[in-house]
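The values are calculated or read from the model by the stated rules, or taken from the named source; none is laboratory data. Keep in mind that what you see is a predicted model, and the values were worked out from it rather than measured. Here Cβ is always computed from backbone atoms with ideal geometry, including for glycine, and neighbour counts include all displayed protein chains.
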Amino acid sequence: MLKFKKMNGGGESPQGFASAGNVLHRYWLSSLLLILIPVLAGFSYLLIMREQAIQDERIQLASDSVARLQTESVHQLFRNLEERLQAAASSPLALAAIASRDPEDVAVVEKAIMDYFPGVTSIRLITIGELGTAGLEGSNLGLRNHIEVDLLRRTGDAQETMPESYQFEGTWLTSIADLVEHPRRQNRRAVILATFDNQVIASALAAAGTERGRSSLQQIYRKGSFTRADEIAFAGNGGAERFQSSDELYEGKWSLVFTPSALMLNELKIVTTPVTVVLLVILVAVLIAFVAMLLLYQRALNNEIEKISAAAETKSDVELGIPQLLPLARQLRRATLRSATKLGAKQRKKIAAAAAGESTVEETLEEEEDEIDTEATEAPAANYNAPSIGEDFPTHVFRAYDIRGIAGSELDEELVEAIGRALGTLAGEQKQQAFVVGCDGRSSSPAIKTTLVKALLESGRDVLDIGIVPTPLVHFANNTLNIRSGVMVTGSHNPPEYNGLKITLGGKPLAGEALQGLLERIAAGKFSSGAGRLGKKDIVGDYIEAVVGDMAIAAPLKIVLDAGNGVAGAVAPRLFEEIGCEAVPLYCEVDGSFPNHHPDPSVDANLADLQAKVVEVGADFGVAFDGDGDRLVTVTAEGEIVRTDKLLMLYAQDVVSRNPGADVVFDVKCSRHLTQLISRHGGRPILWKTGHSFMREKVMETNALLGGEFSGHIFFGERWYGFDDGMYAAARLAEIVSSTGVDLAGLLSEYPDTEGTPEIRIPVPEEEKFELMSRIESQTDFSPGKVNNIDGVRVDYNDGWGLVRASNTMPALIARFEAHDTDALERIKQQFREQISNVEPGLDLGF
């Protein structure tokens, strides 16, 4: 009950009211601040962080580009020198000396060749007899050191050799060797050995300009775990080590390191003046607009109040331009009528009482005013007996990017209803009226969906039930039916007894803190109430039609589809027949008990039947889907498993070739060769956290045309809607293979082969895994590797990388390793074993 306040002191107005300041001004000022603060914060972010990040990225890209150019200049220097040496050694004079093996003839040839190579310190033409290099045993032939002798022997034995640098009498020299064979005389061969001062290399590095930074050519020496880098030539001056870039030569034996200079940094510096000017213009425009609106609104408000006052006095009708003032006008008229009626008898009594000395006329009027009041009413929130959040409450089912637990015990009917009511309330606050709801083929899914739909309807939300479908079809409905929110009831790849909810609200995945916020609402037990509408729709036909309309299959393919008895089996075979392929179904009967194998294609053992079937029927390739169809793993026609990061290379090359500069997002479990491929084809690689919701958010945030994670989630923003869809990704693969005319194995053979592991799962109790991971991050030393903590611990070395992180979906840590060869792979794994064991002795690592 809000009542007018009776005044009893100085400063009161003649009417008995006091001014507490202009509330309208305060409201307008608050609104102005609410607009200006985000604007200022946004521009501050642009000026301080975003612009700096873009500038740093430009500098790093420029540094990488210079390193690559300098590497190519060194390569070109040696290519030119070797071509000239071969030409000189193949001249008639040189061939005659090789044929005769006469030392005097050889000396003449060496002197003649030297005349054509003014930058070379020495040239030796060493003939080899019928015994080859074995005939040279016990002699160094006047060469400088064992390096030149070894170079001679290996070249003479027709082994491929590379330039070798060494210090001789305080000067860095480089020797190269080539084998020359007489075209007409058998067993007439020689090795031409050229040695030059490394100033020749420094001059080649300086030819590109020395003002922008320091180019350092380093020779890498490795023995076991020991590594040493010797600088053998350099040019220019650096200073900005933070943006240092390196590029490998000769299989990693040499490395070109470029360090930008202050001049280069200044050249690439971003001028922020335009952004500042735009900010000032916006601020001035906002201030002018607010002042004008305030003045105009005050004028309109004064006019309306005058109309209300006049209408109350004259008891006439009035038309108002501000509808919100109508209740005030009606109340004022009613109050005026009541006052006029009461003053007839009641006021006469009070005046008589005043005449008798009981009170004054002024006090009587004030008491009358005190009886005038306004009442603000609010519809009470619906109360619901939600499950109490105590020690037994399964809070762990609210995971990082979805809700997941054992159906019936953890995820029971009471909790599902509470989640539905809380979600419906949250959606109403965000002006989201309707939800698309679907479920997978698990035995517990229909009952959970029924409970969820009922709760959403009772919270006032509308529901479109699309039945038993793969998860991508809920996302498809969200993007095509103008219903931006959805819930998929699915346990994904978990065992049959599990189930869960994947939630989209307003077009964005509900994850992280937002999911934890549902717990707070459940604890409060205060939800909206209403009577939503329920509709049903078969979306499968629309989905298949959309995919078929997007595909161009140049030649029919035979594809084995293994759904693992998951819900993708109800859609995938029909989809691939429609796009013009021969679909060979394997375990496509939807069965929530998963009788044939676990529906998790990221585990190699679950792919054995698919591998055998592909080879048996002579298919072009095979595809395995997870339990709800948003992931895939492929195998080649030979039955070889294709790791998803390598499959992403194929997708990235296809997408970026049509869209130069496109962003490609991938998770920390992917190969670093993927980064190099994306950059090489003109795209922008973005490394991000593992998790389908995290990846989907990042794809949306960056407007990336492609995203993917090692577990098999693939997100196409080009030609599709940017959500993870295993069936659509498989169709895009069929399009690529059919259009190139090369089989899948042939397409993938273009990419680097490495030694790598699949995901390695290290069992850790659910309640301990994040705490253990935190200790691993803070208590380990992975020197000399480069550590990235964006998601767990990823360590990059010159010849490989390793990763360990906490799983968000299972009680385990996840590890993965990749390297150039088996020795490097074992070395990296051993360092991880040692470091993790120091933190948690006795942990069964499994690698």
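With respect to the conditions (1) surrounded by fewer than 20 Cβ atoms within 10 Å (Cβ to Cβ); (2) in contact (Cβ under 8 Å) with a residue 12 or more places away in the chain; (3) on the phi > 0 side of the Ramachandran plot, G236 lacks only one, and its number is (1).
The set of residues in the stretch 807-823 that are in contact with a strand residue (DSSP E or B) (Cβ under 9 Å, 6 or more places away or on another chain) and either assigned by TED's automatic domain parsing to the domain that holds T690 or crowded, with 20+ Cβ neighbours inside 10 Å (or both) comprises S807, T809, L813, I814, A815, R816, F817, E818, A819. If only residues of the stretch 443-456 that are touching a strand residue (DSSP E or B) at 6+ places or on another chain (Cβ under 6 Å) and not small (G, A, S) are counted, the one that is surrounded by the fewest Cβ atoms within 10 Å (Cβ to Cβ) is V453.
Cβ-Cβ distances below 9 Å connect the following pairs, each with a first residue in the stretch 251-272 that is over 17 Å from E211 (Cα atoms), a second residue that is assigned to a loop (DSSP other than H, G, I, E, B) and of a type in the set (S, T, N, Q), and a separation of six or more residues or different chains: G252/N798; S255/N798.
Entry remark, the stretch 139-151: residues being within 51 Å of the chain's Cα centre (by Cα) and not β-branched (V, I, T) number 3 in total.
Each residue in the stretch 394-412 was checked for being farther than 17 Å from E513 by Cβ and not hydrophobic (A, V, I, L, M, F, W, C), and 7 pass. Consider the stretch 812-847 and keep the residues that are under 28 Å from the mean Cα position of the chain (by Cα) and polar (S, T, N, Q). The one that is farthest from Q779 (Cα to Cα) is Q831. With respect to the stated conditions, G800 is farther than 30 Å from N494 by Cα and not basic (K, R).
Selection of the stretch 572-605 for residues being in a helix (DSSP H, G or I) and either buried (at least 21 other Cβ atoms within 10 Å of the Cβ) or on the phi > 0 side of the Ramachandran plot (or both) yields A572, L575, F576.
Close contacts from the stretch 537-564, counting a first residue that is without any contact (Cβ under 8 Å) to a residue 60 or more places away in the chain and a second that is part of a loop (DSSP other than H, G, I, E, B), with Cβ to Cβ under 8 Å and a gap of 6+ residues or different chains, come to I544/V571; V548/I579. Taking the stretch 125-149 as the range and being among the charged types (D, E, K, R) and either loosely packed, with under 14 Cβ neighbours inside 10 Å or modelled with pLDDT under 70 (or both) as the test, the residues that pass are E130, E137. What are the residue pairs meeting all of these: first residue in the stretch 148-166, first residue part of a loop (DSSP other than H, G, I, E, B), second residue among the β-branched types (V, I, T) and surrounded by fewer than 21 Cβ atoms within 10 Å (Cβ to Cβ), Cβ atoms under 6 Å, and 6 or more apart or on different chains? As it stands, the answer is D157/T133; P163/I176, since those pairs meet every condition given.
Among all positions in the stretch 619-637, there is no residue which is at pLDDT below 95, over 17 Å from the mean Cα position of the chain (by Cα) and in a loop (DSSP other than H, G, I, E, B). There is at least one residue in the stretch 837-844 that is among the aliphatic types (A, V, I, L, M), surrounded by fewer than 18 Cβ atoms within 10 Å (Cβ to Cβ) and either in the same structural domain as F694 (by TED's automatic domain parsing) or farther than 15 Å from T690 by Cα (or both).
Of all residues in the stretch 194-205, those satisfying the criterion of being assigned to a strand (DSSP E or B) and modelled with pLDDT of 90 or more are A194, T195, D197.
Every condition in (1) closer than 30 Å to R188 by Cβ; (2) among the β-branched types (V, I, T); (3) free of Cβ contacts under 8 Å to residues at least 24 places away in the same chain is met by I98 except one, and the failing one is (3).
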